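For reference, the structure discussed in these notes is given below.
The values are calculated or read from the model by the stated rules, or taken from the named source; none is laboratory data. Quick caveat, the model's predicted, so the values are computed rather than measured. Ideal geometry is used to build each Cβ from the backbone, glycine not excepted, and the neighbour counts take in all protein chains shown.
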Amino acid sequence: MTRWEPNASGRLQRAALELYSERGYDQTTVAEIAKRAGLTERTYFRYFADKREVLFYGSDQLQERLVAGIASAPDGLSPLGVVGAALEAAAAPFEEAGDFPRRRQAIIAANPELRERELIKLAALAAALAGTLRERGVADPAASLAAEAGIAVFKIAFQRWVDEAGGSGKETLAQLVRQSLAELKTVASG
C-alpha cells in the first residue's frame, strides 16, 4: 500500500459502497474497505469515525449549503419559500454525483442502523435551518415548522428522484423539490 495517494476519502467511499452492495453493510469490515481502496485502516479512521460515516460524508457540506442558501435568500419570501429556495440550490451536487446517491440510499434503506443515522442527520439539518431562519428574524414556531417541513419536502423529493427510472427520469432533483413544496402548500391550504 502506498503511503499517500490523492482522493483517499473518495476511494474509501467508493470501496465501501461497492462492498456494502456486494456483501451487505453488516458483513463488511473497515479493514476490508481500506484494503479495497488500497489504504490502511489507520487512513480510514483519519477520514471517518466508523463504518457508517463513510455513507454520510458530505452531510456537513450539505448543511453549509443549506444554511448559506437561507442566509442569502432575498427578503420578502415566506419562511417556507426561503427554505425551498435553499433546498433547490443545494440539489445540484446530488445531480453531479452520478449513481452514488442512489446506490447509497439503497444501502441505507436496507439497514435499520443506517436509517436511524439518516434520521439523526436530517434532524440536525432541520435544527440548523431553523436556527438560521431565527437569525433572519423568523420567530418560533414558524422557524421550526418551516425547517421541519423543508426537510420533509427534501426527503420526499430525494426519494422520488432516487426511485425514478434509476436516475434517468425526466425531472431533476431541484424540480422535484419544487413540485414537492407546491404539493405541501396545496395540502396545507386545504
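So the values come out like this:
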quantity	calculated
In the stretch 19-30, the residues that are surrounded by 14 or more Cβ atoms within 10 Å (Cβ to Cβ) and touching a residue at least 60 places away in the same chain (Cβ under 8 Å)	Y20, S21, Y25
Filter result for the condition that a residue is among the aliphatic types (A, V, I, L, M) and either in contact with a Lys or Arg (Cβ under 8 Å, 6 or more places away or on another chain) or within 18 Å of W161 (Cα to Cα) (or both), over A49, A91	A91
Qualifying residue in the stretch 71-82 (condition: at positive phi, in the same structural domain as R134 (by TED's automatic domain parsing) and exposed (fewer than 13 other Cβ atoms within 10 Å of the Cβ))	yes
Residues of the stretch 111-138 satisfying the condition of being without any contact (Cβ under 8 Å) to a residue 60 or more places away in the chain and either closer than 17 Å to G76 by Cα or of a type outside the set (G, A, S) (or both)	P112, R115, E116, L119, I120, L122, R134, G137, V138
Condition check for A149: over 18 Å from the mean Cα position of the chain (by Cα) and farther than 15 Å from A91 by Cα	no
Hey, E64 surrounded by fewer than 15 Cβ atoms within 10 Å (Cβ to Cβ), within 28 Å of A109 (Cα to Cα), in the same structural domain as F100 (by TED's automatic domain parsing) and of a type outside the set (A, V, I, L, M, F, W, C) or not	yes
Qualifying residue in the stretch 136-146 (condition: within 30 Å of Q27 (Cα to Cα), more than 19 Å from the chain's Cα centre (by Cα) and not polar (S, T, N, Q))	no
Cβ pairs under 7 Å, 6+ apart, first in the stretch 31-60 and more than 17 Å from R104 (Cβ to Cβ) and assigned by TED's automatic domain parsing to the domain that holds Q13, second surrounded by fewer than 16 Cβ atoms within 10 Å (Cβ to Cβ) and small (G, A, S)	E41/A31
